[in-house]
Amino acid sequence: RGLAFFSLHLRIHDNPRKFKSHLPNSGNPLFFLGFLWIIREEKNKICLPILLEMEASSANERLHFGKMGYGCQHYRRRCKIRAPCCNEVFWCRHCHNEASSMLKNPMDRHEIVRQDVKQVICSVCDTEQPVAQLCSNCGVNMGEYFCAICMFFDDDTEKEHFHCHDCGICRVGGRDNFFHCKKCGSCYAIALRDNHLCVENSMRHHCPICYEYLFDSLKDTTVMKCGHTMHCECYDEMIKRNK
């Protein structure tokens, strides 16, 4: 039906006089104008949904362009952050902290405060802009997961990110699989609800084996029977060595 109306519209447009002669009552100009109006309306009914669908498809392709194609060893994302502390550009806060920890002068070493990040640079079009999920220039989605509190982006949604308001940061693993222990001051697996010994702020210290801060570490953490915590890999290594 759509092609037929397209064809009819083109025939009228190419030679309206010739087409008019084949219409009944073609001597009446009002009849001819009315017929043209009907053709135009029918064409719009067919064309408009097609055009809207094409526009939506194009916008969707632009939105997801480059997904999982950019990022660092820590996160897949389509933007970099400008560190407010030193005004340098990095893929993420971990990249910044690792670079900062290597500075020769210990007084220059520092860590970024994630909530203080104000500017990001789109990796697709290289446009610097205020923190937002969508690029203000090219319209690309700079992170399939975006947290406006942590200023955090990640394209890898299989991690099942969620923001814990009690922790004040984003976690991974799915909100339904964790609960926040008020006394321990951190999110624990559901299996540990009413099944662990509480130690106040047990996650807000460094791993006793590798000395990495546990609360926002990217590595998995285990809660021991005594209620204290350490990295899973560090715990396994300790057991392996019979320590």
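The values are calculated or read from the model by the stated rules, or taken from the named source; none is laboratory data. Computed from a predicted model, the values in this text were never measured in an experiment. Positions of Cβ are backbone-derived with ideal geometry, glycine not excepted, and every protein chain shown enters the neighbour counts. Note: areas computed on protein heavy atoms with side chains; ligands, DNA, RNA excluded. Shrake-Rupley method; radii C 1.70, N 1.55, O 1.52, S 1.80 Å.
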Which residues, taken from the stretch 170-179, are open to solvent by less than 40 Å² (accessible area, probe 1.4 Å) and either farther than 28 Å from Ser101 by Cβ or more than 22 Å from the chain's Cα centre (by Cα) (or both)?
-> Gly174, Phe179
State which residue is most open to solvent (accessible area, probe 1.4 Å) when the search covers only the stretch 186-204 and only residues that are of a type outside the set (Asp, Glu) and free of Cβ contacts under 8 Å to residues at least 24 places away in the same chain.
-> Arg193
Would you mind stating whether Ile112 is open to solvent by 70 Å² or more (accessible area, probe 1.4 Å) and of a type in the set (A, V, I, L, M)?
-> no
Taking Met230 as meeting all but one of (1) over 26 Å from His74 (Cα atoms); (2) crowded, with 17+ Cβ neighbours inside 10 Å; (3) aliphatic (A, V, I, L, M), write down the number of the exception.
-> (1)
Quick one: is Glu212 surrounded by fewer than 17 Cβ atoms within 10 Å (Cβ to Cβ) and closer than 22 Å to Asn242 by Cα?
-> yes
Among the residues of the stretch 68-85, how many are assigned to a loop (DSSP other than H, G, I, E, B) and either open to solvent by 60 Å² or more (accessible area, probe 1.4 Å) or in contact with a Leu (Cβ under 8 Å, 6 or more places away or on another chain) (or both)?
-> 6
Residues of the stretch 91-140 classified as over 15 Å from the mean Cα position of the chain (by Cα), under 19 Å from Phe215 (Cα atoms) and in a loop (DSSP other than H, G, I, E, B), total | 4
